[in-house]
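**Student:** Okay, here's the structure, questions in a sec.
The values are calculated or read from the model by the stated rules, or taken from the named source; none is laboratory data. Nothing here was measured: the structure is a model prediction, and the numbers come from that model. For neighbour counting, all protein chains shown are included, and Cβ atoms are generated from backbone atoms with ideal geometry for every residue, glycine included. When the accessible area is computed, the model is the full protein with side chains, heavy atoms only, and any ligands, DNA or RNA have been set aside. Shrake-Rupley method; radii C 1.70, N 1.55, O 1.52, S 1.80 Å.
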Amino acid sequence: MWTFLGSECMFFGSLIATFLVYRNQSTTGPFPDEIIDVPITTVSTFVLLMSSLAMVLALNAVQRNQANLGRFWILMTALLGTIFLGFQAFEFNEFFNEGLTPRVNLFGTTFFVLTGFHGAHVTVGVIWLLVMAGVITPKGLSAWTLLGAVLGAYAILVGILGLLDVIRNLSDVGAVIFIAAGAVVMVAAGLKHFSIPTKLNVASQAGNLEVTALYWHFVDIVWIVIFTVVYLVSANDSIETSEAIISGLHGGG
Amino acid sequence: MATQRPESGGSRPGLLSRFFWDSDHRYFQLPKTYAEEANPEGEGPLGTKPRPWAKKWWDFTGGDHPSPLFYVIVGSILGVITLLEYWLFTTNLEKKWINSALFALSSAKFFMVVAFFMHLKFDNKWFAKLFAAAFFLAIGIFLATLALADKLNG
């Protein structure tokens, strides 16, 4: 896993370098300072950091052979990762509505490639976490309650995306019904799932979960760099550039 | 599926066999890590043998097993740093100072996650060296790309 993470360092290092090479090179808008919403991204960054905390608590519990607690924190990590993906879907949708696509300018191309690949990595991580939650789940009914919790979380996500108009053909009432139904299913499944006493020896899975955790934390540290370089620094730096280009266009016209 | 060790006819297995199989049915003879044990020693954030001056901190963080509270404290610090970054972004300080501070805070978060959450501080040193080598190679590629672009753009 460490070798793989080393190769991933070079992969994301190249993508971030490419973003920086083409920074402030766009001749047409939208420019970063016009479109990037730093407060929302700060919240999503916080969510991803807290998912890393949940991940390390999950590993800690599994190493202590605490099956239910470990499974709870794994699912919490997956949920926080899914919320982060929801933020990213919302952001991409907003950018598309504002006219920023991968083909409109260099900022759009480099931004979507970089953050898109990161989002893909988070998606893989969420799937991996759900598999690990299944691995340390006792056989039988408990697996079905786990499935219920996942479906409930999915319904909540669909509802939230509907309310945010990312899913356009879902009315507000329909979105609220999705959220409410998803919450009921998730809470019921969760109560049933975690009430089952288990004597499963989950400590034997600590090594496998450690590998999953390494991947998840790596995805987190990549976002720490992206948040600083792409959002905070670039949005701050591009203000003068975009103003110069816009004033030049007005002067020329 | 369990890996079967090849029949060696009682003689010492060859180099290839030793690389791909061993008595634990592991594919590669990588060094064993604490993660393979249920209750490993030396899992604390200060390693297996804490310095005398670090004993108090060692006890607070749970000794061999960092307590969940320790991780919550690290997570809280990461959250506070993120809020601090946002506050810096909204200030009217000179940009070079803002950017320098942002990179410093980002680096602090990066190394806190790697050291404490990824357990690199108390994992096998082979892995730490492997990751560090790849990380610095990535930094080299990163800087070379920027330098090349700078040269080409005049």
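**Student:** Could you work out how far apart the two model spin labels at A:Val135 and A:Val43 are, taking each label as a point 7 Å from the Cα in the direction of the beta carbon, and quote it in nm?
**Tutor:** 3.4
**Student:** Once both labels are modelled 7 Å past Cα along the beta-carbon direction, what's the A:Leu164-B:Leu83 spacing in nm?
**Tutor:** The two pseudo-label positions are separated by 2.3 nm.
**Student:** Here's a follow-up. At R0 = 35 Å, how high is the FRET efficiency between A:Leu191 and A:Ser7 if r is their beta carbon distance? Nearest 0.05 is fine. All intermediate terms of the calculation are to be shown ahead of the outcome.
**Tutor:** On the way: r = 42 Å, r/R0 = 1.21.
FRET efficiency, A:Leu191 to A:Ser7: 0.25.
**Student:** Now for a separate question. Take chain A, connect every pair of alpha-carbon atoms lying under 10 Å apart with a spring to form a Gaussian network, then pick out the residue of A:Asn105, A:Asn169, A:Asn60 with the largest mean-square fluctuation.
**Tutor:** Comparing A:Asn105, A:Asn169, A:Asn60 in the GNM, the peak value goes to A:Asn169.
**Student:** Under the Karplus relation 6.51 cos²θ - 1.76 cosθ + 1.60, θ = phi - 60°, what is the ordered set of whole-Hz ³J(HN,Hα) values for the stretch A:104-114, x standing for Gly and Pro?
**Tutor:** 7, 7, 5, 4, x, 4, 5, 5, 5, 5, 5
**Student:** Sticking with this structure for a sec: Measuring from the lowest to the highest alpha carbon on each principal axis, how far does chain A reach, largest first, in angstroms?
**Tutor:** 75, 48, 24
**Student:** Oh, and also: Once both labels are modelled 7 Å past Cα along the beta-carbon direction, what's the A:Tyr22-A:Ala183 spacing in nm?
**Tutor:** Here the answer is 4.2 nm between the modelled labels.
**Student:** Ignoring ligands and nucleic acids, what accessible area does A:Tyr231 show with a 1.4 Å probe (Å², nearest 10)?
**Tutor:** Ignoring ligands and nucleic acids, A:Tyr231 comes out at about 0 Å².
**Student:** Provide the descending list of Cα extents for the stretch B:61-121 along its principal axes, expressed in whole angstroms.
**Tutor:** Largest to smallest, the principal-axis extents are 45, 19, 12 Å.
**Student:** Given a 10 angstrom Cα cut-off, can you work out which residue in A:Pro102, A:Pro39, A:Pro30 is the most mobile in a GNM of chain A?
**Tutor:** Highest fluctuation of the listed residues: A:Pro39.
**Student:** Averaged over A:11-19, how many beta carbons belonging to a partner chain fall within 10 Å of each residue's beta carbon?
**Tutor:** Numbers: counts 2, 2, 10, 4, 1, 4, 10, 4, 0.
The per-residue average across the peptide is 4.
**Student:** Between A:Trp128 and B:Ala115, what is the FRET efficiency for a Förster distance of 25 Å, r being their Cβ-Cβ separation, to the nearest 0.05?
**Tutor:** Values: r = 23 Å, r/R0 = 0.92.
Given R0 = 25 Å and the Cβ-Cβ separation, E is 0.65.
**Student:** Just tell me the longest site-free run in chain A, where the sites are trypsin sites (Lys or Arg not before Pro) in a DSSP loop having at most 14 other beta-carbon atoms within 10 Å.
**Tutor:** Numbers: sites that count: A:Arg103, A:Lys139, A:Arg168, A:Lys199.
Excluding the exposed sites themselves, the longest stretch runs over A:1-102.
**Student:** If you stretched the chain out fully between B:Lys96 and B:Phe136, how much longer would it get, using 0.36 nm times the residue separation minus the C-alpha to C-alpha distance?
**Tutor:** On the way: separation 40, 0.36 × 40 = 14.40 nm, distance 2.47 nm.
In short, 11.9 nm is gained.
**Student:** Looking only at A:Gly81, A:Gly207, A:Gly134, which one moves most when chain A is put into a Gaussian network model with springs between Cα atoms under 10 Å?
**Tutor:** Greatest mean-square fluctuation among the candidates belongs to A:Gly207.
**Student:** At 1.4 Å probe size, with no ligands or nucleic acids counted, give the accessible surface of B:Leu137 in Å², nearest ten.
**Tutor:** Rounded to the nearest 10, the figure is 90 Å².
**Student:** Over all residues in A:64-76, what is the mean tally of Cβ atoms on other chains that come within 10 Å of each residue's Cβ? Provide the component values of the computation, followed by the final result.
**Tutor:** Numbers: counts 4, 2, 0, 0, 0, 1, 0, 0, 0, 1, 0, 0, 0.
Neighbouring Cβ atoms belonging to other protein chains average 1 per residue here.
**Student:** Given a 1.4 Å probe and heavy atoms of the protein chains only, how would you sort A:Ser7, A:Ser204, largest accessible area at the top?
**Tutor:** Largest accessible area first, the residues go A:Ser204, A:Ser7.
**Student:** From the backbone phi of the stretch B:67-80, what are the Karplus-calculated ³J(HN,Hα) couplings (6.51 cos²θ - 1.76 cosθ + 1.60, θ = phi - 60°) in whole Hz, Gly and Pro given as x?
**Tutor:** Once θ is set to phi - 60°, the couplings for the stretch B:67-80 become 6, x, 4, 4, 5, 5, 5, 4, x, 5, 4, 4, x, 5 Hz.
**Student:** If you plug each phi of the stretch A:78-95 into the Karplus form 6.51 cos²θ - 1.76 cosθ + 1.60 with θ = phi - 60°, what whole-Hz ³J(HN,Hα) values come out, in order, with x for Gly and Pro?
**Tutor:** Working through the residues one at a time gives 4, 5, 5, x, 5, 4, 4, 5, x, 4, 5, 4, 4, 5, 4, 4, 4, 5 Hz.
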